[in-house]
Amino acid sequence: MEGSEAGSFLKVLFKNIDVLAGPVVSLVYPLYASIRAIETKSRADDQQWLTYWILYSMITIFELTFAKLIEWIPFWSYAKLIFTCWLVIPYFSGASHVKPDDILSAAEKYIEENGSEAFERIIHRVNRDATSSSSHDHAFYDDDYRY
């Protein structure tokens, strides 16, 4: 490769690092580490990876619920990648610092303040958004919007 081609390749690589590293950091490595954790007798690593998968699910639900807002935040994918790295990289083991009881109490508090119907509406909206985005060619589509 010539110097300019190598520079262009590196530029494209760094601009898309979130797209390239995201699946590895958020899915491939946690899957591998979760399987290894299941094979050990330690409960600490089991709890860390179970907490990670709970947080990953919550992030995914958040993204599906607020997709139209998130698309306007240019640094969202990078912030998510950094947060995910904090959760999974063994040096930090961020997921081990989050207690499942905190997550559960936050969900219970939300239901207490807003009612179970509000929680069910969120779930319904996530399901609706997931099915509508997979059935259209574009990621963000609003059936209720008048053009």
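The values are calculated or read from the model by the stated rules, or taken from the named source; none is laboratory data. All figures in this text were calculated on a predicted structure; none of them were measured in a lab. Cβ coordinates were reconstructed from backbone atoms using ideal geometry, including for glycine residues, and neighbour counts include every protein chain displayed.
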Need pairs with beta-carbon distance below 7 Å; first residue among the basic types (K, R) and within segment 59-74, second loosely packed, with under 15 Cβ neighbours inside 10 Å; sequence gap 6+ or separate chains. K68/F140
Filter segment 6-45 down to residues that are in contact with a Ser or Thr (Cβ under 8 Å, 6 or more places away or on another chain) and more than 14 Å from C85 (Cβ to Cβ) and give me whichever is modelled with the lowest pLDDT. V19
Select, from F119, F140, the only residue that is surrounded by fewer than 13 Cβ atoms within 10 Å (Cβ to Cβ), at negative phi and modelled with pLDDT under 90. F140
Read through the list (1) of a type in the set (K, R); (2) surrounded by fewer than 12 Cβ atoms within 10 Å (Cβ to Cβ); (3) touching a residue at least 12 places away in the same chain (Cβ under 8 Å), then give the number of the only condition that K80 fails. (2)
As an exercise: evaluate T51 against (1) closer than 26 Å to N127 by Cβ; (2) out of contact with any helix residue (DSSP H, G or I) (no Cβ under 6 Å at 6 or more places or on another chain); (3) in contact (Cβ under 8 Å) with a residue 12 or more places away in the chain and give the number of the one condition it does not meet. (2)
